[in-house]
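Got a structure for you, written out below as structure tokens; questions coming shortly.
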Amino acid sequence: MNLPDAFEYKKVHVSKSLRENITNIENILGKSSDLLLNPFYVGSIPCNLVCFEGMISTSTITELILRPLSDLAETDRFSSQELFEHVRDRMLLTIDRGFCTEYGDLIRRLMSGFAVLIIDGCDTAFAFGVQGYATRGIDEPSSEGNIRGSHEGFVETVRTSMSLVRRRIKSPLLRFELFPVTKTSDVDVIIAYMTDRVPMKLVKKIRKQLEDLPLESILGSGYAEPFLDHARHTIFSGVSVTERPDVFCAKLLEGRIGLLIDGTPFALVMPSLFIENFQTLDDYNFRPFYAFLLRWTRYLSFFLAVFLPAVYVATVTFHPELFNHTLLVTLAAAERTAPLPLAAEAFIVLIFYEIIREAGVRLPKSVGGAVSIVGGLIIGDAAVSAGIISNPLLLACAISVTASFVIPSLNQQITVLRFIATAAGGIGGLYGISLLAAAVLVNICAAENYGAPVMSPLSPFTPKAMRDVLTRVGFRRMAKGSASVEKLHGVDMNK
């Protein structure tokens, strides 16, 4: 078989000739070093068990496949078709098994850890699930901490992540659709949804978008996110990311669609609402009055993270009359020795923080602590002592940065908006900040994803939904409401 195009083989049917099949597989894979070909006979019929080294469990394939086939090889009464039918109808071998009629499916299964049995004289191959490649165990999520919730997080193996969801929603209405995407890598993705809460038209639309991805591979959830987010010209995304199975399940029960991608522990949920960034699983494990306090702490933290340095720069530069006499004298004394404009100082501090944060993330953990010591204590203290940066400005920036840690899901947006707000405050004072806030509000209110307004239920306003936005009512009252996004927020997800 000539293969001038690297992807021509995908629709080519498996041959009845074992020798031709093995030759084609070797040509497609370029006789890769990790390709294992295991020829043997069942009676007088040539067979070959094909797999990839390191992708299969040796003990499993020995006990479930090799030993039964070896016992079967003692008889010589089968023809090729009879042997195929016997293995298909009378031998279970493995629970996870399938049939390959095209080379595309055969190669994809091989690379997913299957062992493929090819029988001479048959144009259909068996694929047995005997995966045994090394995987990371289920561990606590690294990006979404909690106190009273589950401590299990998704892992890179998509089938393990799928089982974590199934354990929590034992409902026949929960559906998983697994299929490969991208032309080059055939990455397995899973669409998860509840059939009674999601329009099938929306599911088909998302599946079509995934199948048409113009990517060679998906190495992280961020690769696919832009193609699923219809709010393209907005700051805030209509697709959320989670590492927690319990949060993922809660969204499915609310009528959302989830996406699990093989190779990454971060799942996507769409459509997503802006207000959900301020909700955590602990809100529903604590008493309502304490959850109310925590939620409003997050709201306050968001505004401090975005606007505090900008407000400080604007008031000191353009509106000093807003301070009382004692505070004004203190600030004036602190800023008198600073050689740079206040807005420039703020930019230096914020950029320096971003450098420290990026260094702490990228450096090995063994030296990551040294970055905070050198950056925060030595350089920061030296800059203040030298009079380059004032103490009040450093305090305002430090509070802003600390507040951003409260809402990690909005870190990207907060970081960019903080710089823009500081520039607006340094140029136009409080009026510049007000104009920026209005522009951001208009931008987010105009965004929607799959028919769901990102700012819902605040815009359009839904009074009933305020019981889980402005406050958090008890479960006795919350259980009386509908969990469906369509019913709760009045959005048309068929758009």
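The values are calculated or read from the model by the stated rules, or taken from the named source; none is laboratory data. Just so you know, these numbers come straight off a predicted model, no measurement behind them. Backbone-built Cβ (ideal geometry, glycine too); neighbour counts: all protein chains shown.
Only one residue in V198, V165 is of a type in the set (A, V, I, L, M), closer than 17 Å to R256 by Cα and assigned to a loop (DSSP other than H, G, I, E, B), so which one is that?
Matching residue, one of V198, V165: V198.
So which of T94, T135, T62 ends up being within 17 Å of N38 (Cβ to Cβ) and in a loop (DSSP other than H, G, I, E, B)?
Working: T135 fails: within 17 Å of N38 (Cβ to Cβ); T62 fails: in a loop (DSSP other than H, G, I, E, B).
From the options T94, T135, T62, the qualifying one is T94.
Which one of F99, F126 is out of contact with any Asp or Glu (no Cβ under 9 Å at 6 or more places or on another chain) and aromatic (F, W, Y)? First the steps, then the outcome.
On the way: F99 fails: out of contact with any Asp or Glu (no Cβ under 9 Å at 6 or more places or on another chain).
Going through F99, F126 in turn, the sole match is F126.
Can you say whether G238 is surrounded by 15 or more Cβ atoms within 10 Å (Cβ to Cβ) and outside the structural domain of N277 (by TED's automatic domain parsing), as far as the supplied structure shows? Talk me through it step by step, then tell me what you get.
Values: surrounded by 15 or more Cβ atoms within 10 Å (Cβ to Cβ): yes; outside the structural domain of N277 (by TED's automatic domain parsing): no.
For G238, the condition - surrounded by 15 or more Cβ atoms within 10 Å (Cβ to Cβ) and outside the structural domain of N277 (by TED's automatic domain parsing) - is not met.
Still on this structure, please answer the following. Out of curiosity, is I257 closer than 30 Å to G426 by Cα and under 26 Å from the mean Cα position of the chain (by Cα)?
On the way: closer than 30 Å to G426 by Cα: no; under 26 Å from the mean Cα position of the chain (by Cα): yes.
For I257, the condition - closer than 30 Å to G426 by Cα and under 26 Å from the mean Cα position of the chain (by Cα) - is not met.
Collect the residues in region 219-233 that are out of contact with any Ser or Thr (no Cβ under 9 Å at 6 or more places or on another chain), assigned to a loop (DSSP other than H, G, I, E, B) and surrounded by 14 or more Cβ atoms within 10 Å (Cβ to Cβ), keeping them in residue-number order.
H230
What's the number of the condition I25 fails, among (1) surrounded by fewer than 16 Cβ atoms within 10 Å (Cβ to Cβ); (2) touching a Phe, Trp or Tyr at 6+ places or on another chain (Cβ under 9 Å); (3) within 21 Å of K183 (Cα to Cα)?
Exception for I25: condition (1).
Yes/no matrix, rows are residues, columns are (1) polar (S, T, N, Q); (2) assigned to a loop (DSSP other than H, G, I, E, B); (3) within 19 Å of E358 (Cβ to Cβ):
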{"site": "L395", "(1), (2), (3)": "no, no, no"}
{"site": "S400", "(1), (2), (3)": "yes, no, yes"}
{"site": "V406", "(1), (2), (3)": "no, yes, no"}
{"site": "L410", "(1), (2), (3)": "no, no, yes"}
{"site": "F419", "(1), (2), (3)": "no, no, yes"}
{"site": "G428", "(1), (2), (3)": "no, no, no"}
{"site": "L436", "(1), (2), (3)": "no, no, no"}
{"site": "V442", "(1), (2), (3)": "no, no, no"}
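Residue by residue through region 319-345, note down the ones that are more than 15 Å from A421 (Cα to Cα), of a type in the set (A, V, I, L, M, F, W, C) and surrounded by 12 or more Cβ atoms within 10 Å (Cβ to Cβ).
Taking region 319-345 first, the residues more than 15 Å from A421 (Cα to Cα) are 319-341.
If we keep only those that are of a type in the set (A, V, I, L, M, F, W, C) too, we end up with 322-323, 327-329, 331-334, 338, 340.
Within region 319-345, L322, F323, L327, L328, L331, A332, A334, A338, L340 meet the criteria.
Among the numbered criteria (1) in contact with a Lys or Arg (Cβ under 9 Å, 6 or more places away or on another chain); (2) assigned to a helix (DSSP H, G or I); (3) touching a residue at least 12 places away in the same chain (Cβ under 8 Å); (4) farther than 30 Å from K170 by Cβ, which single criterion is violated by E216?
So E216 meets the others, but not (2).
L215 - would you say it is surrounded by 18 or more Cβ atoms within 10 Å (Cβ to Cβ), of a type outside the set (S, T, Y) and modelled with pLDDT under 95?
Values: surrounded by 18 or more Cβ atoms within 10 Å (Cβ to Cβ): no; of a type outside the set (S, T, Y): yes; modelled with pLDDT under 95: yes.
Against the criterion (surrounded by 18 or more Cβ atoms within 10 Å (Cβ to Cβ), of a type outside the set (S, T, Y) and modelled with pLDDT under 95), L215 does not qualify.
Answer with yes or no whether I190 is touching a strand residue (DSSP E or B) at 6+ places or on another chain (Cβ under 9 Å) and closer than 24 Å to G132 by Cα. Step through it out loud before you land on a result.
On the way: touching a strand residue (DSSP E or B) at 6+ places or on another chain (Cβ under 9 Å): yes; closer than 24 Å to G132 by Cα: yes.
Answer is yes for this residue.
Residues are listed down the side, and each one gets a yes or a no for (1) touching a His at 6+ places or on another chain (Cβ under 6 Å); (2) buried (at least 18 other Cβ atoms within 10 Å of the Cβ); (3) of a type in the set (S, T, N, Q); (4) in contact (Cβ under 8 Å) with a residue 24 or more places away in the chain:
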site: R175; (1), (2), (3), (4): no, no, no, no
site: L178; (1), (2), (3), (4): no, no, no, no
site: T184; (1), (2), (3), (4): no, no, yes, yes
site: V187; (1), (2), (3), (4): no, yes, no, yes
